[in-house]
Amino acid sequence: MCCCWRGGNRGQKTPSPSLDVSAPLAMATLEGCHCQGAGGQNNNNSILYNILKNDSLTTTEEPTSQPQHRQQHQVLKVSSCSSSSRFELRQQQACSCGSSLRRGSLRSPQVTCKAASAVLMKTLRFVKNVPCFRELPEDDQLLLVRNGWVPLLVLGLAQDRVDFETTETAEPSMLQRILTGGCVSQGGLMDRQVEPEQSAGTPGVSLVDIQGIKAFLKKCWGLDISTKEYAYLKGAVLFNSDLPGLCYLNYIQSLRSEAHQALNEYVKLIHRDDATRFAKLLIALAMLRAISPPVVAQLFFKPIIGAVNMEEVLLEMFYGK
């Protein structure tokens, strides 16, 4: 097996460090739900709320002694407007006030999208120049690139210190959704079969997803990661042996273990006074798993190239097809 990440000392084999991170990740905390008033109770005095509430009471046969407010983690049964099928919706995923549906977009899309495109080009060039990657069959190469371009891109944004500002986009009110074809359940919640991120007509992306990307960038900048550490991290991300369908699974798994081991040895050599640095770097890697490819595509590329299949763009950039 070739050594992609370091030279020499191939005769000695040291045990590969554990890759599991059991400690909970410290993610960015967002401001609380806006449906809570100063006294900690729901602000349900709006005209629209009372109309929906009264309408729901007339169409249901629940006893009058039943509490009006459910607990936040209670599973609600929501009736579909288009069919008699029912599905479960958790209130903890989408508050009735809609604060969890707040969305944002880039404040300077031309500047940020141009910088992201440059980082993507640089990232794909890095991948093609890794000798061990070139030895893999084309099917494995394509599978690794398709599933790894987002975390590799975000790592590149952190390395090049590409910061960006966002502005909150106007979210349609519940009344506007009703008038434009939305439907309301018995509990007054919007009955929607698709997630907001999957709605083509909804502008921007979720502020929660934006905060997740910013939290990762802040984490990397706080650690002041060096160029070599970024290279080892990219190697660990690129050679993802957890993907189904890999032909050279064992070889790719060994490459990822080698990247982690090389990173650990480098950290011990350069940062001898920081015994927790390697663990912090692994936590940063784990934060990448929460970043969604559709979110990255819509935030950094859709403003300039429109609704284009990113896989086709990757193929054209990587293979020249």
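The values are calculated or read from the model by the stated rules, or taken from the named source; none is laboratory data. This one's a predicted model, so the numbers in the text were calculated from it and none came from an experiment. Cβ atoms come from the backbone with ideal geometry, glycine included; neighbour counts cover every protein chain shown. Areas reflect the complete protein model, heavy atoms only, side chains present, ligands, DNA and RNA absent. Shrake-Rupley method; radii C 1.70, N 1.55, O 1.52, S 1.80 Å.
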**Asked** Can you tell which of Gln159, Gln193 is at pLDDT 95 or above and open to solvent by 30 Å² or more (accessible area, probe 1.4 Å)?
**Response** Gln159
**Complete:** So, first residue assigned to a loop (DSSP other than H, G, I, E, B) in segment 198-225, second residue open to solvent by 20 Å² or more (accessible area, probe 1.4 Å) and modelled with pLDDT of 95 or more, Cβ within less than 9 Å, six or more apart or across chains; the pairs are Ile225/Gln159
**Asked** Can you pull out the residues in segment 290-303 that are without any contact (Cβ under 8 Å) to a residue 12 or more places away in the chain and within 8 Å of the chain's Cα centre (by Cα)?
**Response** none
**Asked** Of the residues in segment 280-321, how many are assigned to a loop (DSSP other than H, G, I, E, B) and open to solvent by 50 Å² or more (accessible area, probe 1.4 Å)?
**Response** 5
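I'm trying to understand the selection: among the residues of segment 289-321, which are among the aliphatic types (A, V, I, L, M), closer than 23 Å to Val111 by Cα and either at pLDDT 80 or above or touching a Ser or Thr at 6+ places or on another chain (Cβ under 9 Å) (or both)? Spell out how you get there, then give the answer.
Filtering segment 289-321 for residues among the aliphatic types (A, V, I, L, M) gives 290-291, 295-297, 299, 304-305, 307-308, 310, 313-315, 317.
From what is left, the residues that are closer than 23 Å to Val111 by Cα are 291, 295-297, 299, 304-305, 307-308, 310, 313-314, 317.
Ile291, Val295, Val296, Ala297, Leu299, Ile304, Ile305, Met310, Val313, Leu314, Met317 - these are the residues of segment 289-321 that are among the aliphatic types (A, V, I, L, M), closer than 23 Å to Val111 by Cα and either at pLDDT 80 or above or touching a Ser or Thr at 6+ places or on another chain (Cβ under 9 Å) (or both).
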**Fill in**
Pairing a residue in segment 135-160 that is under 15 Å from Thr227 (Cα atoms) with any residue that is open to solvent by 10 Å² or more (accessible area, probe 1.4 Å) and acidic (Asp, Glu), where Cβ atoms lie under 9 Å and the two sit 6 or more apart in sequence or on different chains, gives Leu157/Asp163
**Item:** Answer from Gly235, Gly222 - the residue that is within 17 Å of Val154 (Cα to Cα), modelled with pLDDT of 95 or more and open to solvent by less than 40 Å² (accessible area, probe 1.4 Å)
**Value:** Gly235
**Message:** Quick check on my filter: what residues within segment 237-279 are more than 22 Å from Leu136 (Cα to Cα), in a helix (DSSP H, G or I) and among the β-branched types (Val, Ile, Thr)?
**Reply:** Val267, Ile270
